[in-house]
Amino acid sequence: MASEVHSDDSQVMSGSIQVVEFILGDEKFAIDLFDVREVVEYTRISALPNSPSYIKGIIDLRGEITTIIDLKDRLNIMRKNDRPDEESRIIVLDENITKKKVGIMVDDVLSVSTFEMNQVDRTGAADVDDDSSILGIIKKKTKVKDKDLTDLIIWIEIKQLLGDMLKM
């Protein structure tokens, strides 16, 4: 018994997603909540010699050595606001997806949010320089002083983005 699959992008996807929203530079990003183990305050990072520039180093997280990846460096995001590292947050990823202890350094973590799939624009993501780690652009409606605004949040597939690094 074969089931028919339609890949028609005009269909409205149903369901919802839960994401962790965070800031890198001036932009908002999100990753799936289920890819995250915890968020921790910045702690001193020990640099690793001869490692790629996006590998910030390692930390001791409750007795476990955890590799820290600078997501701004990995995504080539300019450091305009040049906040001190001490103000950053570390999102520790679920070991089930990374197969090793890995955290990503971000400027700040905003919230855990739930969005309906009809709030995700997948066509805008397809135009972004063939980077398959972008799942879509989430359109988050907010109200500021009686004005309706739409925040755009770049939803990334962290497993895809870190894929090469995790094979090291």
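Structural remarks
- Considering residues of the stretch 43-63 that are of a type in the set (S, T, N, Q) and open to solvent by 80 Å² or more (accessible area, probe 1.4 Å) only, the residue nearest to Ile104 (Cα to Cα): Ser53
- Note on the stretch 9-42: residues that are at pLDDT 90 or above, more than 15 Å from the chain's Cα centre (by Cα) and open to solvent by 60 Å² or more (accessible area, probe 1.4 Å) amount to 2.
- Odd one out for Asp60, checked against (1) among the charged types (D, E, K, R); (2) modelled with pLDDT under 90; (3) closer than 20 Å to Arg44 by Cβ: (2)
- Of the residues Arg83, Arg62, the single one that is out of contact with any Cys (no Cβ under 7 Å at 6 or more places or on another chain) and closer than 16 Å to Asp26 by Cβ is Arg83.
The values are calculated or read from the model by the stated rules, or taken from the named source; none is laboratory data. All of these numbers come straight from a predicted model, not from anything done at the bench. Reconstructed Cβ throughout: ideal geometry from the backbone, glycine too, with neighbour counts over all protein chains shown. To get the accessible areas, we keep the full protein, side chains included, count just its heavy atoms, and leave off ligands, DNA and RNA. Shrake-Rupley method; radii C 1.70, N 1.55, O 1.52, S 1.80 Å.
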